[in-house]
Structures are given as structure tokens and as C-alpha cells.
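*Asks:* The following block contains the structure, expressed as C-alpha cells.
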Amino acid sequence: MRAPVYGLLAEFDTPSEILAATRRAYAEGYRKMDAYTPFPVHHLPEALGMRKSAVPLVTLIGGILGGLTAYVLQYWVHVIAYPINIAGRPLHSWPSFIIVTFEMTVLFAGIAAFAGSLALNGLPMPNHPIFNSETFAQATRDKFFLCIEATDPRFDMVETERFLQALNPRAVTEVPN
Amino acid sequence: MPERSITEQMQEAHGRPPVLLPGHTYATVTDKISAVVLSRRTPLGWYIGFLMSAGLVGVLTLAIAYLMYRGVGIWGINVPVAWGFAIINFVWWVGIGHAGTFISAILLLVKQSWRNSINRFAEAMTLFAVMCAGMFPLLHMGRPWLFYWMFPYPNTMSMWPNFRSPLVWDVFAVSTYFTISLLFWYLGLIPDLACLRDRAVNKWAKRIYAGLSFGWRNSARHWKRYESAYLLLAGLATPLVLSVHTVVSFDFAVAMLPGWHTTIFPPYFVAGAIFSGFAMVLILAIPIRKIYALDDMITMRHLDNAAKVMLATGLIVAYGYIMEVFFAWYGPNQYEKYMMWNRMNGPYAPVYWGLILCNVLIPQLLWLRRIRYSPKWLFVISLDVLLGMWLERVVIVVTSLHRDFLPSAWGMYIPTRWDWATFLGTLGFFAAGMFLFMRLVPAIPIFEMRELVHKSSEEVAVK
Amino acid sequence: MGALQKVPLRIYHGTHGNETAANCSWVVNGTHYLEEWSDVRSIDGSVSIVQPLIAPLYGGKSAHELLNAFGAQPELSGYETVRGYWQSQIKGVDFESWWQKSVHDGFVANSAYAPLNLRVKMTSFAPPAQTAAGNTGGSVELIFRPDPCVYDGRFANNAWLQELHKPMTKVVWDNPLMVSPNTAARLDLEQQDVVEIRNAGQKVEAAVWIQPGHPDDSVTMFLGYGRQRAGRAGTGMGFNAYQIRQSTELNSVHGVKLNKTGRTYPLITTQGFQSMVGRHLVREATLEGFRKDPLFATRVEKEPDPAETLYPVYEYTGYAWGMAIDQNACVGCNACVIACQSENNVPVVGKMEVARGRHMHWLRVDTYYKGGLANPQVYFQPVPCMHCETAPCELVCPVAATVHGTEGLNEMIYNRCVGTRYCSNNCPYKVRRFNFLLFQDWNMPQYKMMRNPDVTVRSRGVMEKCTYCIQRIQHGRMDAEKKDQLIPDGSVQTACQQACPSDAIVFGNINDKNSRVVKLKENPRNYGLLADLNTRPRTTYLAVVTNPSPDLPEAEKSEHA
């Protein structure tokens, strides 16, 4: 049975305001919350309690996979699968192999970074409850939002609303589910 | 005496024109840029331009169809000059693409904020340039329907490509370059597509932008991973800027022809690529900022910096030319000596000297501040650089091939109307792509402009 | 044509509907000599019975059958006619066995004429009428020569011969008017100028070719071109020298004027440049120089030592094919070029395509001049594929369509070629030929019969080149394996080697120390063309050694290499 309300949304005008508000909320003990900003704001993810992202690791793994694949493929093709005399060159022409290895490393790493960051973000996700808010569209223009979700253990319609109002936002609205 | 422009006033105050003219807020940059796509009436010039480009795409289609029907013999290639316009144009287009990645990736890593407004259309330029480039290696093949044999895939013949061949390296380098550029460009586009989704009124536009933006909701947590991926892609694209055109230069450097077989090609090609790419960036930026009144976001600072990059890379290219002459003169290789003499005095001498004029002499005008601050002059010089870089590839490809080791095999290359049609057709394809891009997608990254507004407000606050 | 028209009944009997046929009232389809029964006498009088190789392709009638039609037995076939004649001539022996033997042997035994004892009366010979030295002003001596390719014109419709590069000029599909450089300067003529020549009330046009070494005040025009009805290949090509040639002056005419028309005519050649530009391509020495320094050929340019390499060397332990071309023996006759074209189904591309630089000859003969234009030395250099051990072409093929075989052949795999043409760019010898368009006729049934079934016919978009006649090597291998032995030296001959009249091309197994090719390669005159590029060619050349007479003026002696 879904709660009727997804969360409470506080609207701010500047990055410093949203940063301060988020820090206060975290200090207050709220964890299930998210901030929505029209551009990335420094230190905001850490204020939400987010530590490191896994994207660099995913990228590294992708790159190593790409490089290994490329080199092993070339080696196998020229030395094992179909060893043939081309221009009197050695079968294991490692200087020639370097280039494709490099390119595949970059390719796999790039795809891993792109796909990995999207996947880790849970995207594509066209339907998210936050879109039910009418004012939310301003997040892609000039407004900064802090949303405390109803699933947070400390969430209470009245208490949380009072807490948010105390942060001096432009508005506090409900986000229907 | 006309009133001094804001640019001039800011210049006086700060010593250089600003990256973003003052007076903007997060809302105004958003509104202005998205209006170009969503609400502003499409200028008549757009229709005319797009129609003309589409016409050239028609020419391209016809040229390709006839080529497939009859064979590469419709072009002017022969033995000894077995590569002509197709490869010249391939290298020219790929070179042009490199500036986009330089701006998106390298300028990001060295924290040059002037990249913010121009990187998206520069990267779009890269994508279309690489598409145009990529057509030529396919078209110039004798049996293009078998192009997939250059990729490694298991098959009934147990055959694999020859990984020692620079053409196979090209396949990987250009594919990687296109893919990474596309991913990088698209990643940068996602937040702006979300912005358009939120602002679009037309039902279909809203749905399409919603789909393309993957449901992006500007979450700070998402931004963190996003920035990480963005930075990593920039870091990956940076070596590509240097390596892709290096690999393209290997098409020549690995061969044994005098005029091709030289170690100076990798850096010389990369510098030349950025040189021609920035020329194309200016050719796009100057009209765009004028027609869409975006000169507050693409300011004289951008034009000045682009001109400086052009000058610097132009000097590297000039150094390359001088070195080629020096190698030929100083070294013992008689074939190389003849090749250089032939370039300067032989049947293609006008092309060589035209090259020196366009690429070495005329760009020296960029030393003058007055020239760098004049959009009209910059436009003309950029056209000249594009021409010069095209002539450079003609000199490299044609003069080295037409007279090599055995005089009995010497010949001439005369391009046919189909050579020209294909080339002009790709110009149309590129232009059509850029027109569509301008019309359908925010040409200036909105969220990056907001970051600039934030930065300048911080600066003001600090002051 | 006027005289012929006065004859009331004109019947043409021949294989081609040519100019004569056009002026006759009846044309009878004749047989080719390979399609008919006949008999001939050879030069010493020996009789030979001619037997056909194939039934008439176009329903032709032999001369015997034509004449029979006017006689008592019109249905008599050529076979019956010839056999019937000899039956009437041969008495005293069993005719059937005589017939079988004569047809089998190819000649009739003891049918030669007995030689006669004759003496020639020298008084009937008059000295020649004029010499070229009498020409003054703008007139020259015009010399008629049979064309080195189409001869007197009978081969004008032979496209192979039309596209064959002439020995000195390398011109194709036309007959140039050869003029010496001095005469051209004197008469203000430039290459490709069209001049009009009048003689005996007729006129003809010709295109000028400045020919180094041609005598001054004399011009040469080749016969056999300018035909009006010579089929697809010959009609309209070149200029008709017969127009101004009279039976009283068959070889040369004096006092001829060349009138400039102001027009030019494209004369197309297959060779780009005829000077060696200071490169050591054809190396030569006088006999004296050779005696002083036998290794002159390899001294002039350093060839890398095969051991000088970063890479492991491939061992060729079985057969290792190689070729040696003796430039002293080569006379530039071009027989090798036609042999190669015939053996390997090399297409003809036509004048337009040759003008664009797309002639398809796998083997070409380069002609280089050295020395002054008035009287240069001339060298011929046949250039087939070198089958380089470190072939630059193989390295750059993206799809491995050209690889190195275990016997040292650079193998071109048509099926795999996708046509990027990088191999052609990287070949320093430019021996690779590309099918820029569909040059072969896929449909004509006669071409299918003409072609060598052992050799693939190449379609558009693939590269081709000399294969050392790999199909002949395979035949030789199969024959040797049937007998359980090694391929004996000389049993496999490449087509060019087989056709060469002066035995200049020698092909064989370089691992066989007793083979002819090894003997030639061990000759001190042996060198590799462009070997300083480290291509390690299997085809090498023997340098030219000349022995000029000490009586010749210094300027005419060849220079030291």
C-alpha cells in the first residue's frame, strides 16, 4: 500500500542556501532525501551523505577488459589461428598491436563510463514520483530543491514540514506519489 | 563617436573580454538558449540554408549511387595515384573533427571556462565531420559491400584482418573516436534535454525529449556520478585527440613513399587537425552568435582564444613544412630530395605554393589584435585555413604518389566531376547536420552556462 | 576505289567485313586457317597438310569450298577436296597410311624442292634515287614502316596489339609521326601537333611525336592505322599512311612538307617518363669497365645484407621461385607482354582508360633514354612483380588479401581483395594493377573460349598483378608429383619466359643450385631493382655490358654506370 505522499519538497533560490539546508537536514538525522539542482553544486552530494561513486572503478575495469581483449585477439589471430607470412614480418608483431589495443582500451572504458554512470544512477527511469510535483519543473531552470522522502524513518508530515519551513525556503510543497 | 560596447567596457575593466556578458541569471540563460529550439520562430535563413544543404545531400546521394553502380573508375584515380579526393577529404574531415574534442575534453581538464558555451556545437561539429570522414574509406573501396571484412569477427573463411595494416588501425581509431565523441556529447546533452522536456509545450516534443533524457531529474547524487563520468570521458577523449589523427597520419607514415614516410607526420597532423578544426569552429561560431544574438555567451573572448589556438597550431604546422624541406635537403635520400623539388617546381607547384600562402603566410595576420577582434576577418582567415589544410592533404597525397621511385610509373591525377560532387555533397551533409542540430537541440550547454553564472556571481560576491 | 567499281562482279572472301568487303557486291564468310582443311608449301618447298583445330565458329567456307561452288561438285567439303587432290597425286603407296602419316607429322616427307644453282646479275641494280641530305627548307624525307604492333594493318582489330605499348615511344592505340628533336625545333613542331602531309595528290594528317635519336630531316610514319572498317578496336584509330603511299615509293618519299594545322591530337603512352632521373635503374658498363670492376652493378648502390634485420628470417626450404632478367639480351620487342596478357586473361581497357593511367599490363617493358636527345642510349627493362620477400604491399593490406606463400611468391587473392589500393601505393615498382571499372566482358561467349581456364577472371574492384604464372607452377608440380620427383629446372616456364625470343627472362627454383636462374643470379652483373629499399626482390636483373667500337666518336659511346 503506497503512501499518498512521496515526500516534502523545499524550494530554494541559490546554491549556498540548498547546501546549508541539506547539511542541516543531514545533521537532523534525515537520510532518505535528495537535492535537485539545475547544475552540479560542490559538496552537495557529500552533504547528502554520499561517499564515493563507483564510476571510476567501472571505467577502469572496462578499460582493462578492452585492452586485454584487443591484445589477446590480435595475438591469437596472427600467432595461433592463422599464422601466415605477411611481408616477412614476425607473427607476433607487437609494435603493430599496440595501436588497436590502445583504441579498444579507450573505447571500452568510455562505454563503461557512460553506461555505468547511467546504470548506477538508475537511469533510464522516465517515471519517478518527483515528476508529480508541479513546481519541480523549475529544477531545470533556476530553482534548487530539497526533498525529504516519506520512507525516511524520521519522516513525519507535520514535523518535517515545520523543520523545512525553518530553513527559510521559497516554498514547501507536497509531492504526491 | 559610438558608445563603447559592453565588451569594450568589460575589457577595459578586466583587461580581456568576459566569457559571459554580465546581467545573466540562471533563468535568463535557460530561457534564451531553450527559446532557440522551442519558442523562437525559425529564421527564414535557416530554411534557405537547410534547403541548400539538403540539395547538396541530394548531389551526394546521386554521386554515391553512380559510384556503386559503375565503380571507383568514375573518379580520377589511377596507377600511380590510386588515392585521390576520397582520402584527401577523409583526412580533412577527420582533422576538422579534432577541435571539437579538444574544446570539450582538453579545455575541460585544464579548467578553461571559455569552453563552456562552445563545446556542444563544437562537439556536434566533430560528430558530423567524423560522419563525413567515415563515408570516404567506405566509398573509396573497390568492393565497398565487403567493408565488414576489415572488422575482426568469426567467419566461415577463418579469415581475420591484418592488424599490421594502418587501415585496420584507422577502423578502430575512427570508430572509437566517433563512439567516444558521441557518448561524451550525448552525456553532456542529457541534462539539457531534460530541461527542454520540462519547457516544451508541444506534446510530441515533450515526449521525445523525455525519452531522450532518460528521465533525468537533476538529482545531486546523480550529478556526482555524472560529473565523474564526464570528467573520465574527457580524460579518455584527450588522448584520442592526439592519437586518432596520429593513426590517420600512419596511413602515410607507415608507407615507404618519399613524402609519406616521415616521423614528423604524427605531431604535424595533430597540430594541423586542431588548426583546421578551430577554423571550422570559428566559421560556425561567428554566424551562429550573430544570427541567434548569442554574442553575450559566445563573446569576443572566445573568438580571441580560438584565434590564438589557430595561430599556435598554425605555427606548429609551419614548422612541419620547414622540417620536411630540411629533411629533404639535409638527408641522403635522393628520392626525398626529388620529391621536395617536385613539390616546389613540378606540375603541382601551384598547389604547394597556394598551401604555403594559405597556411603559413595568411594566418600570421592573427598576431594582430585588431584582426583577432574582428569577426569578419576571423571568418575570412578561417575559410583560408580550411582551404589551406585541404591543399595540404592534396600536396601530401597527390605529389608523393604521382612521382615516386620509378620514373616509368609517373603519372598525373586530375579529379573528375564525380570527385567534386562527392566532396561538395559531404559539405552539404555536414551543413544539413549542423542546421538540424541548431534547430532541435540546445547549441549552447544550458547547465554549463548556469555554472558560469554561478562562478561569476561568486566572483562578484568575493569582490 | 574507282578502279574496283568498274569490275562488274566483285566477290569478297575473307574473315572480316573490312574496307574491301564494303566495296564488293558479294561477301562470302571465309574460314580462319585454323578452321579449314588445306595444304601449303613451306619455304623449302615441303608440302604441309593443314588440318583445322576447330569447326568453323561462324559458318565460314574455306577457299576450296568457295571455288567448289563454281565447279562440278558444289557440295564437296574442304576435307574431301584436299584429300581428293592428294589421292590423285599419290601413286604407288597405300594412300590411307600416307595420308595419316602426313597429317600426323604435319609435313609430307621428301616433298622439298631440289635447290637450283643461280647467279645474280649485278648490272640490273640502280643506285638509290635521292638521299635525305637533299632536303631543304621545310621539307623532309617521309619513311613508311610497318607498325611494331599492328604490322601492316592486318592486326588493327586486335585489341591486345592496339593496347601494346610500342617499343620506343610506348604510345598505344595510335601511330605517332616520329620527328627528331632538331627537326621539330627547325619546323616549329611540338609534341601532339597535328600536321598535314601531302603526296601524289593525296593528303593525310598525322600527330607529331618528338623522338630522341631519330635522324634529322627525316620523319617516320607507321602503316596500318587510320582504317575505316576494321572492327571495334581498329576503326578510326590513328592515321592512314597508305593514303599517301604509292607503289613507286613504298619505303620512303622525299621532299615532303609538314603543314601545321594548328590542332593537337592526344597521343597516349603507358610510360610516364623516359629518363632515369639519375637513379640507378638500368645499370651498365662497357666491357672494359666490367673487366676492371666486375661488381660495378652492385657497387653503385648498397643493397642491405639479408642478415641485417631485427626480425627473424623466414626460411624457404622447399622450392623458392625466382627470376633473372638479362637486360643485355632484352631487345624491347614486347612479346613477353602479350604472352602475359594471353596467359593471364589480362583485360584491354581502351585508349580513354589508358589516358587516365589505368592500363592493365601485368608485365611492362620500360624504355629509358640516357644521354643527349639527339643520339641517346636506349635501355629496355621488363618489369614484372618482384615478389619481394619483405613485400611492402603485403604489410598494408587491411584484409590480408596479399600474403607471402611458402615458396616465396607474393600471392594475390582476388576473392579477398576489397580494393583499398593501399598495396598499389606502397609498391615502389608500381607493378600492381587495379580494376577501376568492370574491364572484362562477362557475357561474350567467344571471350570465354579465348581465356585461359586456369586463371581467374577478375571483376571490378580487385587488384591484380604478376603471379610468376602460378598456374604453370601448379601444373609443373602436379606433373612432377605424378612421377614422384622434384620439378626439373626448365619444365616450368612463365609465359613471358616462354615467349622471349632472346631468352632474356629465366625463371626457376633458386634453392636448386644447378638451375639456370641460380647461375644467372650468381653472375656479378646481377642486381636488384631499387634493392636499397630493402624489399628483397626475387626478380633480379643483369646489368648491361656494352662493347662500343673504338671507331665510334666519344659522344656515341655509352657512359660508365
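The values are calculated or read from the model by the stated rules, or taken from the named source; none is laboratory data. This is a predicted model, so every value here is computed, not measured. Cβ sites come from the backbone with ideal geometry, for glycine too, and all protein chains shown count toward neighbours.
*Asks:* Output the qualifying pairs, or none if there are none: Cβ atoms under 8 angstrom, residues six or more apart or on different chains, first residue in the range B:410-427 and in a helix (DSSP H, G or I), second residue polar (S, T, N, Q) and buried (at least 17 other Cβ atoms within 10 Å of the Cβ).
*Replies:* B:422/B:89; B:423/B:89; B:426/B:89
*Asks:* Can you spot a residue in the range B:64-85 that is within 21 Å of residue B:126 (Cα to Cα), of a type in the set (A, V, I, L, M) and either at pLDDT 95 or above or touching a strand residue (DSSP E or B) at 6+ places or on another chain (Cβ under 8 Å) (or both)?
*Replies:* Initial filter on the range B:64-85 (within 21 Å of residue B:126 (Cα to Cα)): B:85.
Still in the running and of a type in the set (A, V, I, L, M): none.
Within the range B:64-85 (the criterion being within 21 Å of residue B:126 (Cα to Cα), of a type in the set (A, V, I, L, M) and either at pLDDT 95 or above or touching a strand residue (DSSP E or B) at 6+ places or on another chain (Cβ under 8 Å) (or both)), the answer is no, since none of the residues qualifies.
*Asks:* If you don't mind, there's one more thing I want to ask. Of the residues in the range A:9-47, how many are aliphatic (A, V, I, L, M) and either touching a Lys or Arg at 6+ places or on another chain (Cβ under 6 Å) or outside the structural domain of residue A:135 (by TED's automatic domain parsing) (or both)? Spell out how you get there, then give the answer.
*Replies:* We begin by selecting, within the range A:9-47, every residue aliphatic (A, V, I, L, M); these are A:9-10, A:18-21, A:25, A:27, A:33, A:35, A:41, A:44, A:47.
Checking which are either touching a Lys or Arg at 6+ places or on another chain (Cβ under 6 Å) or outside the structural domain of residue A:135 (by TED's automatic domain parsing) (or both) leaves us with A:47.
Of the residues in the range A:9-47, 1 are aliphatic (A, V, I, L, M) and either touching a Lys or Arg at 6+ places or on another chain (Cβ under 6 Å) or outside the structural domain of residue A:135 (by TED's automatic domain parsing) (or both).
*Asks:* Here's a follow-up. Of the residues C:477, C:451, which single one is surrounded by 14 or more Cβ atoms within 10 Å (Cβ to Cβ), over 30 Å from residue C:536 (Cα atoms) and more than 14 Å from chain B (Cβ to nearest Cβ)?
*Replies:* On the way: C:477 fails: over 30 Å from residue C:536 (Cα atoms).
Answer to the check: C:451.
*Asks:* A further question on this structure: Given the structure, is residue B:159 more than 23 Å from residue B:243 (Cα to Cα), within 14 Å of chain C (Cβ to nearest Cβ) and under 25 Å from the mean Cα position of the chain (by Cα)?
*Replies:* On the way: more than 23 Å from residue B:243 (Cα to Cα): yes; within 14 Å of chain C (Cβ to nearest Cβ): yes; under 25 Å from the mean Cα position of the chain (by Cα): no.
Here the answer is no, as residue B:159 does not meet what is asked.
*Asks:* Continuing with the same structure: Would you check if residue A:83 is farther than 30 Å from residue A:148 by Cβ and either within 9 Å of chain B (Cβ to nearest Cβ) or of a type outside the set (Val, Ile, Thr) (or both)?
*Replies:* Numbers: farther than 30 Å from residue A:148 by Cβ: yes; either within 9 Å of chain B (Cβ to nearest Cβ) or of a type outside the set (Val, Ile, Thr) (or both): yes.
When the stated conditions are applied, residue A:83 passes them.
*Asks:* Could you please find all residues in the range A:117-135 being in contact (Cβ under 8 Å) with a residue 40 or more places away in the chain and either buried (at least 23 other Cβ atoms within 10 Å of the Cβ) or touching a Lys or Arg at 6+ places or on another chain (Cβ under 6 Å) (or both)?
*Replies:* At the first step, the residues of the range A:117-135 found to be in contact (Cβ under 8 Å) with a residue 40 or more places away in the chain are A:117, A:120, A:129-130, A:132-133, A:135.
Result: A:117, A:120, A:130.
*Asks:* Pick from A:114, A:108: which is facing another protein chain (nearest Cβ under 7 Å), among the aromatic types (Phe, Trp, Tyr) and either surrounded by 20 or more Cβ atoms within 10 Å (Cβ to Cβ) or free of Cβ contacts under 8 Å to residues at least 40 places away in the same chain (or both)?
*Replies:* Numbers: A:108 fails: facing another protein chain (nearest Cβ under 7 Å).
Step by step, each of A:114, A:108 is checked, and only A:114 is facing another protein chain (nearest Cβ under 7 Å), among the aromatic types (Phe, Trp, Tyr) and either surrounded by 20 or more Cβ atoms within 10 Å (Cβ to Cβ) or free of Cβ contacts under 8 Å to residues at least 40 places away in the same chain (or both).
*Asks:* Still on this model: Which condition number in (1) of a type outside the set (Ser, Thr, Tyr); (2) surrounded by fewer than 23 Cβ atoms within 10 Å (Cβ to Cβ); (3) within 13 Å of chain C (Cβ to nearest Cβ); (4) not in a loop (DSSP other than H, G, I, E, B) is the one that residue B:178 fails?
*Replies:* (3)
*Asks:* Next question, about the same structure. Within the range C:260-270, is even one residue modelled with pLDDT under 95 and of a type in the set (A, V, I, L, M, F, W, C)?
*Replies:* no
*Asks:* Moving on to the next point. For residue C:60, state whether it is outside the structural domain of residue C:154 (by TED's automatic domain parsing), surrounded by fewer than 13 Cβ atoms within 10 Å (Cβ to Cβ) and in contact with a Ser or Thr (Cβ under 8 Å, 6 or more places away or on another chain).
*Replies:* When the stated conditions are applied, residue C:60 does not pass them.
*Asks:* Here's a follow-up. Would you mind telling me which numbered condition in (1) basic (Lys, Arg); (2) within 9 Å of chain B (Cβ to nearest Cβ); (3) loosely packed, with under 14 Cβ neighbours inside 10 Å residue A:51 fails?
*Replies:* Among (1) basic (Lys, Arg); (2) within 9 Å of chain B (Cβ to nearest Cβ); (3) loosely packed, with under 14 Cβ neighbours inside 10 Å, the lone unmet condition for residue A:51 is (2).
*Asks:* Provide a single number: the residues in the range A:5-20 that are within 12 Å of another protein chain (Cβ to nearest Cβ) and of a type in the set (Gly, Ala, Ser).
*Replies:* 1
*Asks:* More than 24 Å from residue B:119 (Cα to Cα) and touching a residue at least 60 places away in the same chain (Cβ under 8 Å): does that describe residue B:259? Spell out the reasoning first.
*Replies:* Values: more than 24 Å from residue B:119 (Cα to Cα): yes; touching a residue at least 60 places away in the same chain (Cβ under 8 Å): yes.
The answer is yes for residue B:259.
*Asks:* Then there is this: Looking at the structure I just gave you, is residue A:124 within 32 Å of the chain's Cα centre (by Cα) and more than 7 Å from every other protein chain (Cβ to nearest Cβ)?
*Replies:* Working: within 32 Å of the chain's Cα centre (by Cα): yes; more than 7 Å from every other protein chain (Cβ to nearest Cβ): no.
Spelling it out, it is not the case that residue A:124 is within 32 Å of the chain's Cα centre (by Cα) and more than 7 Å from every other protein chain (Cβ to nearest Cβ).
*Asks:* Evaluate the following for residue B:240: is it part of a helix (DSSP H, G or I), modelled with pLDDT of 95 or more and at the interface with chain A (Cβ under 8 Å from one of its Cβ atoms)? Can you show your working first?
*Replies:* Values: part of a helix (DSSP H, G or I): yes; modelled with pLDDT of 95 or more: no; at the interface with chain A (Cβ under 8 Å from one of its Cβ atoms): yes.
Considered against the rule, which asks whether it is part of a helix (DSSP H, G or I), modelled with pLDDT of 95 or more and at the interface with chain A (Cβ under 8 Å from one of its Cβ atoms), residue B:240 comes out as no.
*Asks:* Pick from C:365, C:354, C:396, C:348: which is within 24 Å of residue B:252 (Cβ to Cβ) and in the same structural domain as residue C:507 (by TED's automatic domain parsing)?
*Replies:* Working: C:365 fails: within 24 Å of residue B:252 (Cβ to Cβ); C:354 fails: within 24 Å of residue B:252 (Cβ to Cβ); C:348 fails: within 24 Å of residue B:252 (Cβ to Cβ).
When all the criteria are applied, what remains is C:396.
*Asks:* Here are B:105, B:133: which of them is within 14 Å of another protein chain (Cβ to nearest Cβ), under 20 Å from the mean Cα position of the chain (by Cα) and part of a helix (DSSP H, G or I)?
*Replies:* Working: B:133 fails: within 14 Å of another protein chain (Cβ to nearest Cβ).
So the residue among B:105, B:133 that is within 14 Å of another protein chain (Cβ to nearest Cβ), under 20 Å from the mean Cα position of the chain (by Cα) and part of a helix (DSSP H, G or I) is B:105.
*Asks:* Could I ask something else about it? Tell me the residue from C:98, C:86 that is free of Cβ contacts under 8 Å to residues at least 24 places away in the same chain, crowded, with 16+ Cβ neighbours inside 10 Å and over 30 Å from residue C:157 (Cα atoms), please. I'd like the intermediate steps shown before the answer.
*Replies:* Details: C:86 fails: free of Cβ contacts under 8 Å to residues at least 24 places away in the same chain.
From the options C:98, C:86, the qualifying one is C:98.
*Asks:* So, restricting to strands (runs of 3 or more DSSP E) that lie completely within the range C:238-345, which ones have at least 1 residues that are among the polar types (S, T, N, Q)?
*Replies:* Details: elements: C:252-264, C:284-286, C:321-326.
Strands (runs of 3 or more DSSP E) meeting the threshold: C:252-264, C:284-286.
*Asks:* Condition (residue is farther than 30 Å from residue C:186 by Cβ, away from chain B (no Cβ under 12 Å), among the hydrophobic types (A, V, I, L, M, F, W, C) and free of Cβ contacts under 8 Å to residues at least 24 places away in the same chain) applied to the range C:382-396: is it met by at least one residue?
*Replies:* Step one: list which residues in the range C:382-396 are farther than 30 Å from residue C:186 by Cβ, which gives C:382-396.
Imposing the further condition that a residue be away from chain B (no Cβ under 12 Å) reduces the set to C:384-385, C:387, C:389.
After this cut, where a residue has to be among the hydrophobic types (A, V, I, L, M, F, W, C) as well, the list is C:385.
Retained after the next criterion (residues that are free of Cβ contacts under 8 Å to residues at least 24 places away in the same chain): none.
The answer is no, given that none of the residues of the range C:382-396 is farther than 30 Å from residue C:186 by Cβ, away from chain B (no Cβ under 12 Å), among the hydrophobic types (A, V, I, L, M, F, W, C) and free of Cβ contacts under 8 Å to residues at least 24 places away in the same chain.
*Asks:* Moving on. Give me the residue from the range C:42-57 that is among the aliphatic types (A, V, I, L, M) and in a strand (DSSP E or B) and, out of that set, surrounded by the most Cβ atoms within 10 Å (Cβ to Cβ). Steps first, please.
*Replies:* The initial filter retains those residues of the range C:42-57 that are among the aliphatic types (A, V, I, L, M), namely C:43, C:47, C:49-50, C:53-55, C:57.
Applying the additional criterion that residues be in a strand (DSSP E or B) yields C:47, C:49-50.
Numbers: C:47: 17, C:49: 19, C:50: 16.
So the residue we want is C:49.
*Asks:* Additional query: Hey, could you check the range A:26-46 for residues that are at the interface with chain B (Cβ under 8 Å from one of its Cβ atoms) and part of a helix (DSSP H, G or I) and say which is surrounded by the fewest Cβ atoms within 10 Å (Cβ to Cβ)? Break it down into steps so the answer makes sense when it comes.
*Replies:* At the first step, the residues of the range A:26-46 found to be at the interface with chain B (Cβ under 8 Å from one of its Cβ atoms) are A:34-41, A:44-45.
Cutting the leftovers down to part of a helix (DSSP H, G or I) gives us A:44-45.
Values: A:44: 22, A:45: 24.
For the range A:26-46, the residue satisfying everything is A:44.
*Asks:* I'm told residue C:283 meets every condition in (1) basic (Lys, Arg); (2) touching a strand residue (DSSP E or B) at 6+ places or on another chain (Cβ under 7 Å); (3) surrounded by fewer than 18 Cβ atoms within 10 Å (Cβ to Cβ) except one. Can you identify the failing condition by its number?
*Replies:* It fails just one condition, (3).
*Asks:* Within the range C:361-378, track down each residue that is surrounded by fewer than 22 Cβ atoms within 10 Å (Cβ to Cβ), assigned to a loop (DSSP other than H, G, I, E, B) and aliphatic (A, V, I, L, M).
*Replies:* C:373, C:374
*Asks:* Run down B:211, B:188 and say which single residue is more than 9 Å from chain A (Cβ to nearest Cβ) and not in a loop (DSSP other than H, G, I, E, B). First the steps, then the outcome.
*Replies:* Values: B:211 fails: more than 9 Å from chain A (Cβ to nearest Cβ).
Sole residue among the options that is more than 9 Å from chain A (Cβ to nearest Cβ) and not in a loop (DSSP other than H, G, I, E, B): B:188.
*Asks:* Let me ask another. If residue A:75 satisfies all but one of (1) in a helix (DSSP H, G or I); (2) more than 10 Å from chain B (Cβ to nearest Cβ); (3) not hydrophobic (A, V, I, L, M, F, W, C), what's the number of the condition it fails?
*Replies:* For residue A:75, the failing item is (2).
*Asks:* Identify, please: which residue in the range C:19-35 is under 27 Å from the mean Cα position of the chain (by Cα) and of a type outside the set (Ser, Thr, Tyr) and is, among those, surrounded by the most Cβ atoms within 10 Å (Cβ to Cβ)?
*Replies:* As a first pass, look at the range C:19-35 and keep what is under 27 Å from the mean Cα position of the chain (by Cα): C:19, C:31-35.
Checking which are of a type outside the set (Ser, Thr, Tyr) leaves us with C:19, C:32, C:34-35.
Numbers: C:19: 14, C:32: 15, C:34: 12, C:35: 19.
Here the residue is C:35.
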